Amino acid sequence: MKFLLPSLALLSATTSAHYTFPALIANGATTSSWQYVRKTTNYQSNGPVTDVTSTQIRCYELAPGTASQTMTVKAGDTLGFTAQSSISHPGPLMFYMAKVPSGKTAATWDGSGEVWFKIFEQGATITSAGMSWASQGAKQATVTIPKSLPSGDYLFRIEHIGLHSAGSAGGAQFYISCAQITVTDGGSGSPSPLVSFPGAYKASDPGIMLNIYYPVPKSYTCPGPKVWSG
């Protein structure tokens with residue numbers, strides 16, 4: 001019995017360090033949890049995805065659409081997610097979007113195919129003291145929807161990668177959510193490059209498999225495609 005309490009304490013500490021992205025923030029206003037965000041597989045455990053070849057790397061959802069509603073926003077609006085309870089691990093932050101194909105809706109589409117484009121990435125600041133990450137400790141993360149984004153239904157995806165144990169393949173921890181949105185007042189842009197999830201990442205990608213502590217990396221490149229700026 002003397003080993004039980006330390007084990008439970010360790011489990012509790014590990015679980016509390018994990019996180020989810022359950023609610024949208026639209027122009028400063030926060031929605032209810034899972035109102036517009038597809039409920040994730042880890043909505044109770046907070047645990048990460050670690051297999052980049054799994055379909056869970058796409059939206060980490062229980063089922064396409066679940067019971068989520070679709071939020072209407074304008075191109076140029078500020079949109080993001082809350083972090084429950086905060087982004088506690090070191091690593092990069094990225095936002096992706098995917099336009100829903102004709103004949104489907106944001107509530108029914110599964111996000112498959114080469115349809116995802118990146119609209120934001122935030123990597124590391126590197127000094128002689130080590131790597132630091134602007135998102136670590138944050139309770140929310142937001143981005144501006146590009147003004148030239150065409151109007152229509154989209155999936156809006158946040159991804160944060162915990163790199164604290166990423167020294168070997170499968171060690172990186174992916175924390176992901178997808179929201180359902182309809183974009184209005186859009187432009188005539190052509191988002192690119194387009195990638196698929198799974199498919200965009202390999203476990204051995206230098207932005208996914210690395211020791212962030214020692215020796216301190218001289219540079220860091222976020223995984224996935226280049227950012228489409230609109």
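The values are calculated or read from the model by the stated rules, or taken from the named source; none is laboratory data. Here the structure is a predicted model, which is why all the values come from computation and not from measurement. Ideal geometry is used to build each Cβ from the backbone, glycine not excepted, and the neighbour counts take in all protein chains shown.
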Legend entry - Filter pass, GLN136 being assigned to a loop (DSSP other than H, G, I, E, B) and either hydroxyl-bearing (Ser, Thr, Tyr) or touching a residue at least 40 places away in the same chain (Cβ under 8 Å) (or both): yes
Legend entry - Answer residue from region 70-88, given it is more than 13 Å from the chain's Cα centre (by Cα) and assigned to a loop (DSSP other than H, G, I, E, B) and is surrounded by the fewest Cβ atoms within 10 Å (Cβ to Cβ) among those: SER85
Legend entry - Residue satisfying all of: in region 205-230; touching a residue at least 24 places away in the same chain (Cβ under 8 Å) and hydroxyl-bearing (Ser, Thr, Tyr); surrounded by the most Cβ atoms within 10 Å (Cβ to Cβ) among these: TYR220
Legend entry - Tabulated pairs, region 93-107, first modelled with pLDDT of 95 or more, second assigned to a loop (DSSP other than H, G, I, E, B) and not β-branched (Val, Ile, Thr), C-beta under 6 angstrom, 6+ apart or interchain: LEU93/SER135; ALA98/GLY111; VAL100/ALA106; VAL100/TRP109
Inset, instruction - Output yes when any residue across region 113-125 is of a type in the set (S, T, N, Q) and either buried (at least 21 other Cβ atoms within 10 Å of the Cβ) or under 17 Å from THR20 (Cβ atoms) (or both), and no when none is. - result: no
Legend entry - Residues located in region 54-68, provided they are modelled with pLDDT of 95 or more and either more than 15 Å from GLY224 (Cα to Cα) or more than 16 Å from the chain's Cα centre (by Cα) (or both): SER54, THR55, GLN56, CYS59, TYR60
Inset, instruction - Give the residues of region 146-201 that are of a type outside the set (Gly, Ala, Ser), under 20 Å from LEU62 (Cα atoms) and not in a strand (DSSP E or B), sorted by residue number. - result: PHE197, PRO198
Legend entry - Residues located in region 93-112, provided they are out of contact with any Pro (no Cβ under 8 Å at 6 or more places or on another chain) and outside any strand (DSSP E or B): VAL100, PRO101, SER102, GLY103, LYS104, THR105, ALA106, ALA107, SER112
Inset, instruction - Restrict the check to region 164-186 and report whether at least one residue is modelled with pLDDT of 95 or more, within 13 Å of the chain's Cα centre (by Cα), of a type outside the set (Phe, Trp, Tyr) and over 21 Å from PRO223 (Cα atoms). - result: yes
Legend entry - Every residue from region 106-143 that is more than 15 Å from the chain's Cα centre (by Cα) and under 22 Å from GLY76 (Cα atoms): ALA106, VAL115
